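Down below is the structure, laid out as structure tokens.
The values are calculated or read from the model by the stated rules, or taken from the named source; none is laboratory data. Since the structure is predicted, the reported quantities are computational estimates derived from the model, not experimental observations. Ideal geometry is used to build each Cβ from the backbone, glycine not excepted, and the neighbour counts take in all protein chains shown. Ligands, DNA and RNA are stripped out before the accessible areas are found, and what is left, the full protein with its side chains, is counted by its heavy atoms. Shrake-Rupley method; radii C 1.70, N 1.55, O 1.52, S 1.80 Å.
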There are 2 protein chains.
Amino acid sequence: MRNAPDGLRHALLERLMHYYHFLSDVTEAGLGETVTSGQVAELMHTDDTLVRKDLAAIGVRGLPNVGFKCAEVVSAIRDALGFDHPYRAVLIGVGRLGSAIASYRGFSSYGLEICGLFDKDPVKVGLVGGGLVVLPVQRLALVVAQHHASMAIICVPAEDAQEVADLAVSAGIKAIWNFAATDLVLPDDVFVRHEHISVGLAVLSYHLNQAARGNG
Amino acid sequence: MRNAPDGLRHALLERLMHYYHFLSDVTEAGLGETVTSGQVAELMHTDDTLVRKDLAAIGVRGLPNVGFKCAEVVSAIRDALGFDHPYRAVLIGVGRLGSAIASYRGFSSYGLEICGLFDKDPVKVGLVGGGLVVLPVQRLALVVAQHHASMAIICVPAEDAQEVADLAVSAGIKAIWNFAATDLVLPDDVFVRHEHISVGLAVLSYHLNQAARGNG
DNA sequence: TAGATTGTTAATCGATTAACAATC
DNA sequence: TAGATTGTTAATCGATTAACAATC
């Protein structure tokens with residue numbers, strides 16, 4: 001299980017996503033065809049040099065006295081992050097969170113297509129969510145093979161997560177998006193992104209307490 | 001709007017949460033009263049010196065030749081992050097994601113209590129979720145004042161998020177947990193944690209592409 | 001005591017920021 | 001041209017890692 005991506009570091013990926021959203025908005029709103037690194041930096045509360053360095057890292061060059069072409073930056077980010085090379089995922093655990101994720105319409109623009117929903121609860125099997133029918137987990141391996149799915153989105157309760165992850169890995173899954181509140185132990189060649197809500201909670205709790213203590 | 005907490009840096013907070021979960025598990029499972037920095041480091045794929053530095057930063061001292069007392073570390077982390085100083089939040093937007101969050105039972109152990117659910121849709125008003133009745137957004141300010149709520153959890157569609165955030169701020173909210181897929185522009189004294197799902201997507205997409213290109 | 005593990009100082013590493021010539 | 005903005009080199013800063021004496 002590798003947590004740190006090689007190549008582009010995590011902090012850079014996060015900043016790239018931020019640029020991406022900002023520039024997509026600018027472009028859609030027709031607010032101009034170019035931006036300067038200073039404009040982007042101001043919005044992100046960071047340094048203009050950092051913005052130029054980040055963009056240079058993904059091969060975008062700006063124009064002196066003008067700035068960067070929004071459309072060019074957007075497509076360079078899509079290319080660097082691979083959004084135009086679609087991949088498929090199975091989603092396991094169609095509870096509240098699982099069905100919220102299954103019904104999210106925005107994934108396709110990032111290259112993700114959900115090709116199967118699974119649950120071990122017979123009551124949930126057969127329900128329809130996001131245009132897909134919920135299947136029993138026993139059929140996971142088949143669907144993964146049929147659709148060449150490379151990712152599993154795990155939305156089961158914490159106590160079932162490891163079992164489900166093992167099942168996904170044995171079906172050939174190479175990346176796991178883990179929404180269960182537990183760590184997973186997995187082979188080194190399986191990439192895991194752990195989306196634990198408590199990290200956000202910790203940051204907020206810490207901040208509110210700092211503020212209450214007069215250091216905020 | 002300040003994104004970087006002073007004092008403990010974000011990466012440190014994240015590692016502390018990881019230690020916390022690991023050590024809570026160890027304690028609950030009765031797997032021993034102490035751990036060494038090396039054991040923790042191995043599990044987190046990091047360096048033992050870093051673990052000791054992190055724990056020193058929150059005032060925990062270990063015992064040479066023994067390690068750290070799990071219970072002591074856990075309570076030091078709770079103290080550093082403020083989990084034992086409860087605070088209240090209102091949740092706005094009771095769609096799929098909002099109701100999944102409203103029904104999550106684990107918040108109280110991190111000090112968070114949800115004291116009100118709100119929605120602008122009259123159809124949703126009156127529904128019950130997580131033991132609370134959904135109220136119209138017009139009553140937000142009243143509930144915030146009554147319960148001394150300091151946080152707003154925003155789960156409305158992106159296009160409504162700024163409006164709802166402004167409303168929360170004018171009601172006296174000091175921190176926002178933003179699940180809407182959009183940036184918010186807010187006063188400097190309001191702390192924002194943006195929980196954008198696309199960051200996780202970007203990391204996964206990038207990784208899968210690197211793997212496909214043979215660099216993974 | 002010998003061995004294991006800590007706490008801390010020093011060294012390294014990488015990321016961010018500053019400075020500034022090059023360019024349009 | 002003058003002014004604005006880039007790209008890049010050098011300087012700074014902070015975080016991580018290595019080394020090792022102190023401790024149980």
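Couple of notes before you dig in:
- Based on the reciprocal of the average 1/r between different C-alpha atoms, the Kirkwood radius for region B:10-81 equals 11.9 Å.
- Pairwise FRET efficiency - B:Ser103 versus B:Asn65, Cβ, R0 = 51 Å, nearest 0.05: 0.65
- Dipole magnitude for region B:45-150: about 220 debye, using +1 per Lys or Arg Cβ and -1 per Asp or Glu Cβ, origin at the Cα centre.
- Debye equation applied to the C-alpha atoms of region A:88-153, log10 I(q)/I(0) at 0.29 Å⁻¹: -1.39
- Shape annotation for region A:41-92: C-alpha extents along the principal axes are 48, 22, 16 Å, from largest to smallest.
- Alpha-carbon geometry of the protein assembly as shown: the Rg and the Dmax are 22.1, 65 Å, given in that order.
- Just the protein heavy atoms count here, and of the accessible area of the protein assembly as shown at 1.4 Å, carbon and sulfur take up 54 percent.
- Calculated accessible area for chain A comes out at 47 Å² per residue, all protein chains present (probe 1.4 Å; ligands, DNA, RNA ignored).
- Placing a pseudo-label 7 Å from each Cα along the Cα-to-Cβ vector at A:Glu42 and B:Glu33 gives an inter-label distance of 6.0 nm.
- Estimated 222 nm signal from helices in the protein assembly as shown, with DSSP H stretches of n ≥ 4 weighted -39500 (n - 2.57), rounded to 500: -13000 deg cm²/dmol
- Note on A:Ser198: accessible area approximately 0 square angstrom, rounded to 10, probe 1.4 Å, nucleic acids and ligands left out.
- For chain A, the relative contact order comes to 16 percent (Cα pairs under 8 Å, sequence separation of at least 6).
- For peptide B:146-153, the mean count of partner chain Cβ atoms within 10 Å of a residue's Cβ comes to 1.
- Within a straight-line Cα-Cα reach of under 25 Å, B:Lys69 can be paired with the following lysines, leaving aside sequence neighbours fewer than 8 residues apart in one chain: B:Lys53.
- P(r) histogram, all alpha-carbon pairs of region B:87-199 included - 10 Å bins from 0, percent: 15, 53, 31, 2
- Long-range Cα-Cα pairs in region B:24-63 (distance over 17 Å), rounded percent: 34
- GNM top mover of B:Leu204, B:Leu12, B:Leu55 - chain B, alpha-carbon springs below 10 Å: B:Leu204
- Positive-end residue, region A:87-199 charge dipole about Cα centroid, Cβ charges, pick of A:Val128, A:Trp177, A:Ala145: A:Val128
- Relative to the Cα centre, the charge distribution of region B:87-199, modelled as +1 at Lys and Arg Cβ and -1 at Asp and Glu Cβ, gives a dipole magnitude of about 460 debye.
- Chain pair B, A: total accessible area buried, heavy atoms, 1.4 Å probe, Å²: 5100
- When only alpha carbons are used to place a centre, region B:137-216 and region A:99-116 end up 20 Å from one another.
- Within a Gaussian network of chain A (alpha carbon springs, distance under 10 Å), most fluctuating of A:Ala71, A:Ala11, A:Ala141: A:Ala11
- For A:Glu159, label point 7 Å along C-beta direction: distances to other copies, nm: 4.3
- Closest approach to the axis - chain A beta-carbon, rotation onto B, Å: A:Ala100, 3
- Alpha-carbon radius of gyration plus Dmax, which is the widest Cα pair, for chain A in Å: 20.3, 63
- GNM result for chain B, Cα springs below 10 Å: residue of B:Val185, B:Val90, B:Val199 fluctuating most strongly: B:Val199
- Complex-versus-alone comparison for region B:187-205, residues with a loss of 20 Å² or more in accessible area, probe 1.4 Å: B:Phe191, B:Arg193, B:His196, B:Ile197, B:Ser198, B:Val199, B:Gly200, B:Leu201, B:Ala202, B:Val203, B:Leu204, B:Ser205
- Cα-centre dipole for region A:10-80 with unit charges at Cβ (Lys and Arg positive, Asp and Glu negative), debye to 20: 220
- For region A:129-216: relative contact order, % (alpha-carbon pairs under 8 angstrom, 6 or more apart): 23
- Modelled spin-label separation between A:His85 and B:Asp79, with each label point placed 7 Å from Cα along the Cα-to-Cβ direction: 5.0 nm.
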